[in-house]
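Heads up: the structure comes next, in structure tokens.
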Amino acid sequence: MYNGGKIIIGLIIFAFIMTLPIWYNLASDQDPSLKDYVIATKGVKGKDRCVLPKEEMLATHMDVLDQWRDLVVRDGERIHTTPDGRRFNRSLSYINTEVETILNTSYSITAEGDTNSTIQVKRVKAKHLKDNITAYSCIECHSNKEQFCDRCHTYMSVDPYCWDCHIIPEPQLMEVAVK
Amino acid sequence: MIEKAFYGDKKYWSWLFFLGAVILIAFLFYMRQFNRGLTVTGLGRDVSWGFYIAQFTFLVGVAASAVMVVLPYYLHNYKMFGKITILGEFLAIPSVLMCMLFIFVDMGQPFRILNVFLHPSPNSPMFWDTVALGGYLCLNILIGFVTLGAERKLTAPPKWIKPFIIISIPWAISIHTVTAFLYSGLVARPFWMTAVLAPRFLASAFSAGPALLILLCLLLRKISSFDVGKEPIQKLAVIAIYAMCLNVFLILMEIFTTFYGGMEDHMSHFKYLFVGLDGNTFFVPWMWTSSILAIVTLILLIPPAGRKNEKILALGCITLFISIWIDKGMGMIVAGFVPNPFHVVARYVPTLNELAIALGVYAIGALIVTLLYKIVLSVRASIP
Amino acid sequence: MSIKRRDFIKITGLSTLGLVAIPASELLAEIAKTETSKSGKKLAMAIDLRKCSKEEGCTDCIDACHKVHNVPNFVLPDGKPNRKDEIKWIWKEHFGHAFNDNQHEFLSEKIQHIEAVVLCNHCENPPCVSVCPTKATWKRDEDGIVMMDWHRCIGCRYCIAACPYGSRSFNWRDPREVLEEQNTDFPTRMKGVVEKCTFCNERLSRGLQPACVEACKANAIVFGDIHDPKSDIRKLLSNNFTILRKPGLGTNPAIYYIV
């Protein structure tokens with residue numbers, strides 16, 4: 001091997017540059033522990049368990065979401081039922097009472113003379129399932145994106161584009177809807 | 001073999017650095033487009049494909065035209081093209097790469113490009129175009145390097161390469177045919193919906209491509225010691241001008257059908273190009289320039305005495321190339337969109353940002369042509 | 001063992017070719033897949049332009065649609081609408097523009113002045129669907145809705161070139177630049193994807209009518225299953241003269257107009 005020394009030095013520099021993100025993350029003191037991780041920001045009665053156990057969700061939520069989006073968009077299958085019968089809305093959207101009120105000014109959702117927007121929203125949720133059982137979307141439980149999504153994603157340096165289209169939840173706007 | 005591209009004189013390196021600088025500046029413009037969206041181009045709701053897609057269409061033609069040297073050399077054993085064939089193949093490689101880049105810069109979500117393969121859609125001509133272009137690129141890289149490698153060792157090319165060469169001939173025709181199918185199957189766009197589109201594309205490609213190759217050969221003779229010889233250039237000139245005659249003939253066919261038939265839906269696009277529609281006359285001077293240059297080309301190159309004079313030949317090749325570039329690289333795509341489905345005329349003029357990115361893609365093409373031709377020249381020079 | 005550089009490059013090249021085999025096998029599976037059976041339902045819409053044109057300048061259906069679907073409204077610095085970057089799912093067009101093959105000089109004044117509501121035609125044979133290279137737009141077997149998958153769209157705009165009705169819009173820029181209040185129950189789009197009307201499939205799944213139908217005070221828009229002989233829309237079609245946009249193209253639109 002001629003020019004051996006140069007090649008080896010070059011390789012070392014190359015390896016260092018390629019692994020730079022690892023060194024960078026090791027050097028910056030981010031806390032990867034998920035002990036005080038906020039799972040459900042809202043106190044939703046009886047809905048304190050997700051579709052899968054926490055550990056499984058941590059590892060596979062991206063696959064779940066990937067499957068779900070095809071199921072919803074391409075097959076129109078919006079409701080997820082867990083083996084123990086709990087139902088969820090496969091959705092990253094949420095009903096926001098304020099905006100719903102705005103929408104009601106241009107057209108009416110209900111004809112029964114309900115002027116209270118909260119009631120109207122509940123009607124929509126009920127209608128959604130056609131059998132009066134409310135199914136919550138992902139972020140109607142996990143309403144705090146910063147705590148729930150970003151903490152881990154920032155640490156892992158992943159930047160999913162969910163929120164380029166889906167609207168970032170604002171917990172205070174969801175209060176009424178999820179009560 | 002590839003290492004030959006790393007040895008060159010000062011002129012060679014300054015040319016490479018110049019191209020590199022253009023590419024870098026264009027990349028900054030592309031970053032702007034990437035961050036702000038395609039709104040930085042002149043494209044819009046009505047004219048949704050423009051300069052990028054037109055360049056793509058034009059360059060598919062240049063890529064396909066390599067067949068005009070490959071076919072005589074390998075199929076008819078026309079030995080005179082021995083020196084020029086590799087140049088044709090090595091012109092096809094950067095042309096296909098530029099096609100791909102023009103598609104890439106035109107995409108709204110370029111990072112999702114693999115979706116084309118993850119969710120293959122045989123109904124879509126665009127799917128087949130991707131397959132055809134990818135395959136053609138591989139074929140030319142393979143054939144080019146294998147034959148050049150054999151030449152370096154002063155041996156005949158290996159036997160197994162022959163089937164690939166034979167396949168590459170219909171494949172070249174197919175890339176431009178499928179590219180025409182992108183347009184000619186759309187009921188929404190009467191301007192493109194004509195069976196003569198694919199033949200027209202091929203005819204214009206087989207004249208503009210060889211014309212470019214002639215110019216490159218003349219340039220190589222000037223700046224290096226490499227000379228393909230007079231005769232192959234003359235043969236190429238005949239091919240270019242015959243194809244050009246066919247191209248003009250097919251355009252006249254199209255104009256007859258459109259205007260004798262008199263369907264407004266078809267005529268309005270031609271009117272937009274040649275006289276302007278609703279006061280929108282941006283393309284009028286361009287299209288007349290293209291037409292006049294086409295006539296000039298025919299006058300210069302049809303008489304054998306004209307094209308035998310290499311100065312006149314060079315001039316004729318330049319007029320031919322510009323004429324077809326305007327027709328295909330500007331008018332053809334935009335006119336399909338104007339007037340729009342509501343019969344409303346929309347304005348489209350490429351923006352500076354758009355032109356800068358396009359220039360960058362051409363610079364990448366020029367860079368690759370330079371490197372590949374450098375390899376060819378060095379290999380040839382080393383042969384005793 | 002010694003691997004020459006040239007051999008290395010050859011092996012790398014061949015391995016890359018091997019990768020192509022995976023999508024190719026998927027493609028073959030796709031071709032082998034036969035067409036699934038159809039349930040026979042076909043959603044369609046009838047727009048009564050007589051009722052619609054009564055209230056001049058009414059934009060209730062457009063406002064409702066664009067609000068529930070977070071459709072941005074771009075304006076130029078001088079306050080005029082930005083036609084270049086414009087996105088619209090449902091809008092009004094001059095009769096002569098929308099029905100340019102029914103247009104002639106001596107059309108009654110009344111008809112000439114009609115502003116027809118236009119939207120995606122949810123064609124029986126949608127050209128946009130056949131050209132899409134990623135199946136980001138497709139026709140639903142169960143009800144004939146021409147759908148969009150904004151996760152998958154690569155923004156090549158082939159569908160825009162293929163649509164004879166100008167029904168498709170591209171996100172030339174980030175719609176959130178101008179969207180102030182958003183309907184949180186529906187996503188926005190990102191820059192670089194194509195969008196259009198999807199017959200409010202998200203509302204249909206809740207048992208609601210499309211937003212434009214609900215919003216119309218004049219009840220000018222009737223929506224339903226055109227394959228069901230007892231549906232309101234069928235009754236309307238059998239009792240009125242209806243026209244289609246560009247029927248000669250063979251796309252077979254699902255939006256019928258009563259003039």
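Mind listing whichever residues of the stretch C:61-110 are among the β-branched types (Val, Ile, Thr), within 14 Å of chain B (Cβ to nearest Cβ) and either within 30 Å of B:His266 (Cα to Cα) or in contact with a Cys (Cβ under 9 Å, 6 or more places away or on another chain) (or both)?
Passing the criteria: C:Val71, C:Ile87.
Let me confirm something: among B:Ala208, B:Ala188, B:Ala237, B:Ala243, which residue is over 17 Å from the mean Cα position of the chain (by Cα), surrounded by 18 or more Cβ atoms within 10 Å (Cβ to Cβ) and closer than 30 Å to B:Lys311 by Cβ?
Values: B:Ala208 fails: over 17 Å from the mean Cα position of the chain (by Cα); B:Ala188 fails: closer than 30 Å to B:Lys311 by Cβ; B:Ala243 fails: over 17 Å from the mean Cα position of the chain (by Cα).
Answer to the check: B:Ala237.
Which one is surrounded by the most Cβ atoms within 10 Å (Cβ to Cβ), of the residues in the stretch C:120-132 that are over 9 Å from B:Asn123 (Cβ atoms) and in contact with a helix residue (DSSP H, G or I) (Cβ under 6 Å, 6 or more places away or on another chain)? Even if it seems obvious, please write down each step before you answer.
Step one: list which residues in the stretch C:120-132 are over 9 Å from B:Asn123 (Cβ atoms), which gives C:120-128.
From what is left, the residues that are in contact with a helix residue (DSSP H, G or I) (Cβ under 6 Å, 6 or more places away or on another chain) are C:127-128.
Numbers: C:Pro127: 22, C:Cys128: 27.
Per the stated criteria, the residue is C:Cys128.
Can you confirm whether C:Phe186 is of a type in the set (Phe, Trp, Tyr) and more than 7 Å from every other protein chain (Cβ to nearest Cβ)?
The answer is no for C:Phe186.
Anything in the stretch C:145-172 that is surrounded by fewer than 24 Cβ atoms within 10 Å (Cβ to Cβ), out of contact with any Cys (no Cβ under 7 Å at 6 or more places or on another chain) and more than 7 Å from chain B (Cβ to nearest Cβ)? List them, or say none.
Answer for the stretch C:145-172, where residues must be surrounded by fewer than 24 Cβ atoms within 10 Å (Cβ to Cβ), out of contact with any Cys (no Cβ under 7 Å at 6 or more places or on another chain) and more than 7 Å from chain B (Cβ to nearest Cβ): C:Ile145, C:Met147, C:Asp149, C:His151.
Starting from residues that are of a type in the set (Lys, Arg) and modelled with pLDDT under 90, keep the ones in the stretch C:189-234 and report whichever is surrounded by the fewest Cβ atoms within 10 Å (Cβ to Cβ).
At the first step, the residues of the stretch C:189-234 found to be of a type in the set (Lys, Arg) are C:189, C:191, C:196, C:203, C:206, C:217, C:230, C:234.
Imposing the further condition that a residue be modelled with pLDDT under 90 reduces the set to C:203, C:206, C:217.
Details: C:Arg203: 22, C:Arg206: 16, C:Lys217: 12.
Across the stretch C:189-234, the extreme among qualifying residues is C:Lys217.
Specify which of the listed residues (B:Thr57, B:Thr39) is at the interface with chain C (Cβ under 10 Å from one of its Cβ atoms), β-branched (Val, Ile, Thr) and either outside any loop (DSSP other than H, G, I, E, B) or surrounded by 20 or more Cβ atoms within 10 Å (Cβ to Cβ) (or both).
Working: B:Thr57 fails: at the interface with chain C (Cβ under 10 Å from one of its Cβ atoms).
After applying the criteria, what remains is B:Thr39.
Sort through B:Leu71, B:Leu97, B:Leu137, B:Leu101 and tell me the only one that's surrounded by fewer than 24 Cβ atoms within 10 Å (Cβ to Cβ) and free of Cβ contacts under 8 Å to residues at least 60 places away in the same chain.
Values: B:Leu71 fails: free of Cβ contacts under 8 Å to residues at least 60 places away in the same chain; B:Leu97 fails: free of Cβ contacts under 8 Å to residues at least 60 places away in the same chain; B:Leu101 fails: free of Cβ contacts under 8 Å to residues at least 60 places away in the same chain.
One residue alone meets the criteria, B:Leu137.
Here are C:Lys135, C:Lys191: which of them is within 7 Å of another protein chain (Cβ to nearest Cβ), out of contact with any helix residue (DSSP H, G or I) (no Cβ under 6 Å at 6 or more places or on another chain) and under 22 Å from B:Val187 (Cα atoms)?
C:Lys135
Return the residues of the stretch C:87-102 that are touching a strand residue (DSSP E or B) at 6+ places or on another chain (Cβ under 8 Å) and closer than 10 Å to C:Arg245 by Cβ; say none if nothing qualifies. Outline the logic, then answer.
We begin by selecting, within the stretch C:87-102, every residue touching a strand residue (DSSP E or B) at 6+ places or on another chain (Cβ under 8 Å); these are C:87-95, C:98-99, C:102.
Listed by number, the residues that qualify are C:Glu93, C:Ala98, C:Phe99, C:Asn102.
So which helices (runs of 4 or more DSSP H) are wholly in the stretch B:304-360 and hold at least 2 residues that are within 14 Å of another protein chain (Cβ to nearest Cβ), closer than 20 Å to B:Ser207 by Cβ and not small (Gly, Ala, Ser)?
On the way: elements: B:304-308, B:310-326, B:332-337.
Fully inside the stretch B:304-360 and qualifying: B:332-337.
From (1) facing chain C (nearest Cβ under 10 Å); (2) at pLDDT below 80; (3) on the phi < 0 side of the Ramachandran plot, pick out the condition that doesn't hold for A:Arg69.
A:Arg69 satisfies all of (1) facing chain C (nearest Cβ under 10 Å); (2) at pLDDT below 80; (3) on the phi < 0 side of the Ramachandran plot except (2).
Do we find a residue being assigned to a loop (DSSP other than H, G, I, E, B), crowded, with 24+ Cβ neighbours inside 10 Å and of a type in the set (Asp, Glu) anywhere in the stretch C:101-119?
Our first condition is that a residue be assigned to a loop (DSSP other than H, G, I, E, B); within the stretch C:101-119, this holds for C:101-108, C:113-114.
Imposing the further condition that a residue be crowded, with 24+ Cβ neighbours inside 10 Å reduces the set to none.
Within the stretch C:101-119, none of the residues are assigned to a loop (DSSP other than H, G, I, E, B), crowded, with 24+ Cβ neighbours inside 10 Å and of a type in the set (Asp, Glu).
Within the stretch B:51-75, can you find the residues that are over 26 Å from B:Arg221 (Cα atoms) and not aromatic (Phe, Trp, Tyr)?
Listed by number, the residues that qualify are B:Ile53, B:Ala54, B:Gln55, B:Thr57, B:Val60, B:Leu75.
Identify, by number, the condition in (1) within 14 Å of chain C (Cβ to nearest Cβ); (2) buried (at least 17 other Cβ atoms within 10 Å of the Cβ); (3) over 20 Å from B:Val60 (Cα atoms); (4) of a type in the set (A, V, I, L, M) that B:Met263 doesn't meet.
(2)
Out of all the residues in the stretch C:103-121, which are closer than 19 Å to C:Pro247 by Cα and touching a Leu at 6+ places or on another chain (Cβ under 7 Å)?
Of everything in the stretch C:103-121, just one residue is closer than 19 Å to C:Pro247 by Cα and touching a Leu at 6+ places or on another chain (Cβ under 7 Å), namely C:Ala116.
Just wondering, is there one or more residues in the stretch A:31-40 that are at pLDDT 80 or above and of a type outside the set (A, V, I, L, M, F, W, C)?
Applying the first criterion (at pLDDT 80 or above) to the stretch A:31-40 yields none.
So far as the stretch A:31-40 goes, no, none of its residues is at pLDDT 80 or above and of a type outside the set (A, V, I, L, M, F, W, C).
The values are calculated or read from the model by the stated rules, or taken from the named source; none is laboratory data. The structure displayed is predicted, hence computed values, not measured ones. Cβ sites come from the backbone with ideal geometry, for glycine too, and all protein chains shown count toward neighbours.
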